[in-house]
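Q: The structure is given below, and queries will be raised subsequently.
The values are calculated or read from the model by the stated rules, or taken from the named source; none is laboratory data. Please read these numbers as outputs of a predicted model, since none were measured by experiment. Neighbour counts are summed over all protein chains in view; Cβ atoms, including those assigned to glycine, are modelled from backbone coordinates with ideal geometry.
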Amino acid sequence: MFEWGGGAEGDGREARFVAVMPADPDHRPWDDPGYDAWIDELAAADPEPPDPDEVQASRRVRVAELLAAGQSAPVDGVLAGQLDALDPAELDQDQRLALAAAQQRVANHVEARRGQAIAAYAADAEPVLGLAARAAAAADVGAVLHLAGARPTSWSRPRWRSPGGSR
């Protein structure tokens, strides 16, 4: 055990180690006359194990409330995490459809938040190597989102010719 006097080092009030030994090293608390009564009191204070039927009923209510929230409540990280924790194998057919719809709402929310992040990035973009600010931002966003293979819909498909000249 440590004791602290609160003073500056060297003034006799600094921290020091104090050994605390029991008065009787051979003392065994389980031999005390009140020990059994104390243990019985502790055991009586333990809660009863939950009733499995009540636990299952409570879970059914929680799942139903969660799926209802997934249909209409504002989407946030907590709701997304709770929906993610549901195991579709433990749900009935209607609940599986409700879960799929709720997960689609979460996906839509994530897409919207990603769009907000991209818009904020583009709003503060600066020109790079002679490119307009938004063009430079588009290149950066495309790189981090791995959109290199995507091309604008206005491009026509390139026509390749074989070495023999036929298409």
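Q: Considering only residues that are part of a loop (DSSP other than H, G, I, E, B) and farther than 15 Å from A117 by Cα, which ones fall in the range 128-146?
A: L129, G130, A132, H146
Q: Before we move on, is R105 assigned to a helix (DSSP H, G or I) and modelled with pLDDT under 95?
A: no
Q: While we're looking at this one, here's another question. Specify which of the listed residues (A44, A19, A15, A8) is at pLDDT 60 or above, among the aliphatic types (A, V, I, L, M) and farther than 27 Å from A102 by Cβ.
A: The match here is A44.
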